[in-house]
Amino acid sequence: MREWRDIMTVFELQALAAGLIVGSFANVCIHRLPRGESVVTPRSRCPQCAAPIGALDNVPVLSYVGLRGRCRRCRTRISPRYPAVEAANGLLYLALAVSLGPVPRAFVLMAFTTAVLILGLIDLEHQLLHDVITLPGIAVGFAASFLPGSPVTPLASCLAAAGGFAALTAINLVYRAVRGSDGFGGGDPKMVAMIGAFLGWGGVLLAVFIASLAGTLVGLSLVAFRGRTARHKLPFGTFLALGALVVTFAGDPLLAWYKGLFRG
């Protein structure tokens, strides 16, 4: 058992710090991409009064606490989503550092978790999944399959991406023929392809299953308790993000448990 002073290694501390910083950039993407704005310029500013946010007011999580959740200039309340995203991304990076250590796969999955976090939260608010994340994500996931120690081979990455995209597109075509409307948005098959490129066949199938199950449960709850109809659209990309994160951290034991059901 590690002593208290050794509980967090240097790499784990670096991963946590990097996750918090990248989480701050994720907030920029979540806010600006749906509005068609650049994520590079201008510098971060208050959405209400447009005052530039200084370096000391842009420290992940801590600045929000120090400012008591308000803009320094106009005192408008800042959404708690900002520190929540920063903290979540930091904890995801820390969890990957603890579970995998300083290996190439850890850095690959750090990029992947940030991408799905951004996609899931944008889809939750705007029901949009941007090609600027999903398409490069597919390429990065495939390229990462060539790295040493990758559990996903290049062939598996390619087939999972193409198969996931084709399967969801086919389901949508059938749904459209039967119901007269799309069952998914145009970005959902691309997000599934990205998940497949990173996680392979088993991972993408499990992620889609978890997303479908979660979406069904939420949809039934909305019908039962909020008076929504079955035609009410849900942000499937948000559920895909949930499924992808679950598979990233618990995919192997879940798949082993599932396969064990058939061995008696």
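The values are calculated or read from the model by the stated rules, or taken from the named source; none is laboratory data. Just so it is clear, the structure is predicted and the values come from calculations on it, not from any experiment. With ideal geometry, Cβ positions are generated from the backbone for all residues, glycine too; neighbour counts draw on all protein chains shown. For accessibility, only protein heavy atoms count, side chains too; no ligands or nucleic acids. Shrake-Rupley method; radii C 1.70, N 1.55, O 1.52, S 1.80 Å.
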Of the candidates 137, 164, 101, which one comes out as most mobile in a Gaussian network treatment of the chain with C-alpha springs shorter than 10 Å? 101
Could you tell me which helices of the chain pass both thresholds, a Cα extent of 24 Å or more along their own axis and a mean Kyte-Doolittle hydropathy of at least 0.5, with helices taken as whole DSSP H runs? 10-32, 81-100, 104-126, 154-179, 188-226, 236-260
Apportionment of accessible area to carbon and sulfur, the chain, percent (1.4 Å): 68
Give me Rg/Rg_expected for the range 119-264, where Rg uses Cα atoms only and Rg_expected = 2.2 N^0.38 Å with N residues. 1.08
To the nearest 10 Å², what's residue 220's accessible area with a 1.4 Å probe? 110
Roughly speaking, what is the stretch gain from residue 40 to residue 128, that is 0.36 nm per residue apart minus the C-alpha to C-alpha distance, in nm to one decimal? 29.7 nm
Pull up all non-local amide H partners of residue 70: gap of 5 or more, or a different chain, and H-to-H distance under 5 Å with H placed in the peptide plane. 78
Compute the separation of the alpha-carbon centres of the range 156-219 and the range 52-106 and state it in Å as a whole number. 31
Where the chain is the region considered: accessible area per residue in Å², 1.4 Å probe: 56
Towards the positive end of the charge dipole of the chain, with charges on Cβ (+1 Lys, Arg; -1 Asp, Glu), say which of 192, 115, 48 has the farthest Cα. 48
Determine the gain in length on full extension of the stretch residue 173-residue 87; use 0.36 nm per residue of separation and subtract their C-alpha separation, reporting nm with one decimal. 27.1 nm
How much solvent-accessible surface does residue 182 expose, in Å² to the nearest 10, with a 1.4 Å probe and all protein chains in place? 70
Over the chain, what relative contact order in percent results from Cα pairs under 8 Å that are six or more residues apart? 17
What is the calculated FRET efficiency for residue 181 to residue 103, with r their C-beta to C-beta distance and R₀ = 51 Å, to the nearest 0.05? 0.70
Just to be sure I understand: with springs between alpha-carbon atoms less than 10 Å apart, which residue in 159, 67, 109 has the highest mean-square fluctuation in the Gaussian network model of the chain? 67
So how far apart, in nm, are the two label points at residue 139 and residue 166 if each is 7 Å from Cα heading toward Cβ? 2.3
Amide H neighbours of residue 45 under 5 Å, counting only residues 5+ apart in sequence or on other chains, H built in-plane at 1.01 Å? 53
Debye log10 I(q)/I(0) at q = 0.21, 0.22 Å⁻¹ for the range 27-123, Cα point scatterers: -1.13, -1.19
What figure, in Å² to the nearest 10, do you get for the accessible area of residue 125 with a 1.4 Å probe and non-protein molecules left out? 110
Name the residue, out of 14, 48, 127, whose mean-square fluctuation peaks in a Gaussian network model built on the chain with Cα pairs under 10 Å. 48
Theoretical gain in end-to-end length, residue 14 to residue 73 [0.36 nm per residue, Cα-Cα removed]: 18.0 nm
